[in-house]
Amino acid sequence: MSTAAATESKPSRQDAKVIPSPRGQFNSPEVFLKTIGRGCEKYVEKFKSWDHLFRADGDDMKKDLGIGPKHRKWILMWVNKFRHGIDPYFIPTSIKHQMKRSERLARAKRRRLKQMKKK
């Protein structure tokens, strides 16, 4: 193995990331984060620019920007979809995930009682 090959630096993951140009209504991090929803709009001020939104990886969002895991995964998923040509759209959470566990259990119990009365 030659020393030239060993000292050659590989491009970092940061450099390899493709930053798509803004298209349609999606021309700023603010519009992008508001569209994907799920509370991501509260992180608008953390992203300085369009480039910053698309260059940030999971570690950057965690350590430097202080974004929690659920929002971090959601943002990264939509950033990746946008890179592949899919424009973001709002996906509402299901009612099941909006209810607390105790509410879901109470609802299930009421349904079971109702079914038992029918029999």
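The values are calculated or read from the model by the stated rules, or taken from the named source; none is laboratory data. This structure is a prediction, so every number in the text was calculated from the model and none was measured. Backbone-built Cβ (ideal geometry, glycine too); neighbour counts: all protein chains shown. Just the protein is used for accessible areas: all its heavy atoms, side chains included, with ligands, DNA and RNA removed. Shrake-Rupley method; radii C 1.70, N 1.55, O 1.52, S 1.80 Å.
Quick rundown of the values:
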quantity	calculated
Qualifying residues in segment 72-111 (those that are open to solvent by less than 90 Å² (accessible area, probe 1.4 Å), modelled with pLDDT under 90 and assigned to a loop (DSSP other than H, G, I, E, B)) - the one nearest to Leu53 (Cα to Cα)	Ile91
Among residues of segment 39-71, those that are closer than 18 Å to Ser28 by Cα, free of Cβ contacts under 8 Å to residues at least 24 places away in the same chain and not in a loop (DSSP other than H, G, I, E, B), counted	7
Residues of segment 23-38 satisfying the condition of being surrounded by 13 or more Cβ atoms within 10 Å (Cβ to Cβ) and not in a helix (DSSP H, G or I)	Phe26, Ser28, Gly37, Arg38
